[in-house]
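Engineer: One structure is given below, represented as structure tokens, and several questions about it will come after.
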Amino acid sequence: MKRIQLGAMLAAVVGTIAVLNTLSALSMPVPDKKPAPELALAWFALLALHAAFYLFGDRIRKRWSIWAYAAAQAFILFAIAVSGIAGPLTLALFMAAVIELVGLVGTRWGSVRITISAIAIFVLASLIIADLYRAATAGLIIAATGLITHAVAGLLQRPLTTPRAVPVASASALPLSARETEVLRELVNGGSNSDIAAALGISERTVKAHLGSVYQKLGVESRSAAVAAAMSRKLV
């Protein structure tokens, strides 16, 4: 699944949650458990903002950076956790964020670092609202989510076939240009075409053209094979 499709799917799910959570809060039949209308609307605003970041995530990452995107989403999730939205719902939002970030930058940031960061944010929010049990339980679940996501990402990124061998003489006869080397380095770091384009200040069409040339010079036919060839030959 393409990353932009994943973002749109997450946006749709979180948007639906925002609507249903608001309706549920405002129609709560038990007076003692019914939140104030202002709080219900605040929950809706936070969830809607979270959904908007998922929907426009690709544009945000291109215009600013993946760091800015991740920091903004972390702040929103922290606010959601502190605001008192139902624990299972908040936990699900954190798990989805971990899965998305591991898919986006797991190879560069490390899935363990991403998972630990999510746990720290959730635990801090839970401690602020004096809920140690929720913090510990959720921490375990988020850790399990990060572990599973890391394993799945590793399987998806593993080459399905052995890269076609190319004689060293052939590689030296067709050296990569400086720009092709930069594109290959970003590819090894786990960047998508859009990520590479944003990092190097070029269009995605140009990225595709450079990748085609890289594949030809390395004698490979896929992104995973190009990454394997680059690492085995220490090209980047």
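Engineer: Tell me, which helices (runs of 4 or more DSSP H) lie completely within the stretch 129-221 with 1 or more residues that are buried (at least 17 other Cβ atoms within 10 Å of the Cβ), modelled with pLDDT of 70 or more and not aliphatic (A, V, I, L, M)? Let's see the steps before the verdict.
Structural biologist: Values: elements: 132-157, 168-173, 178-188, 193-200, 204-218.
Result: 178-188, 193-200, 204-218.
Engineer: Out of curiosity, is residue 123 open to solvent by 40 Å² or more (accessible area, probe 1.4 Å), at pLDDT below 85 and part of a helix (DSSP H, G or I)? Give the steps one after another, and end with the answer.
Structural biologist: Details: open to solvent by 40 Å² or more (accessible area, probe 1.4 Å): yes; at pLDDT below 85: yes; part of a helix (DSSP H, G or I): yes.
In short, yes.
Engineer: Only residues in the stretch 10-30 that are within 23 Å of residue 100 (Cα to Cα) count as the first member; pair them with residues that are open to solvent by 60 Å² or more (accessible area, probe 1.4 Å), Cβ under 7 angstrom, at least 6 apart or cross-chain, and list the lot.
Structural biologist: Here the result reads 11/55; 18/44, each pair linking the stretch 10-30 to a residue that is open to solvent by 60 Å² or more (accessible area, probe 1.4 Å).
Engineer: Which of the residues belonging to the stretch 102-117 are without any contact (Cβ under 8 Å) to a residue 40 or more places away in the chain and part of a helix (DSSP H, G or I)?
Structural biologist: From the stretch 102-117, those without any contact (Cβ under 8 Å) to a residue 40 or more places away in the chain are 109-110, 112-116; that's our starting set.
Result: 109, 112, 113, 114, 115, 116.
Engineer: Scan the stretch 98-111 for residues that are in contact with a Leu (Cβ under 9 Å, 6 or more places away or on another chain) and of a type in the set (Val, Ile, Thr) and jot them down.
Structural biologist: Selection gives 99 alone.
Engineer: Would you mention how many residues in the stretch 31-62 are farther than 19 Å from residue 5 by Cα and among the basic types (Lys, Arg)?
Structural biologist: 2
Engineer: Examine the stretch 106-113 for a residue that is out of contact with any Cys (no Cβ under 8 Å at 6 or more places or on another chain), at pLDDT 80 or above and buried (at least 21 other Cβ atoms within 10 Å of the Cβ), and state whether such a residue exists.
Structural biologist: Looking only at the stretch 106-113, we keep the residues that are out of contact with any Cys (no Cβ under 8 Å at 6 or more places or on another chain), and these are 106-113.
If we keep only those that are at pLDDT 80 or above too, we end up with 108-113.
Subsequent filtering for residues that are buried (at least 21 other Cβ atoms within 10 Å of the Cβ) retains 111.
Checked the stretch 106-113: at least one residue is out of contact with any Cys (no Cβ under 8 Å at 6 or more places or on another chain), at pLDDT 80 or above and buried (at least 21 other Cβ atoms within 10 Å of the Cβ).
The values are calculated or read from the model by the stated rules, or taken from the named source; none is laboratory data. Computed from a predicted structure; not experimentally measured. We place every Cβ from the backbone using ideal geometry, glycine too, and count neighbours over all the protein chains shown. Protein only, heavy atoms only, side chains kept; ligands, DNA and RNA dropped before computing areas. Shrake-Rupley method; radii C 1.70, N 1.55, O 1.52, S 1.80 Å.
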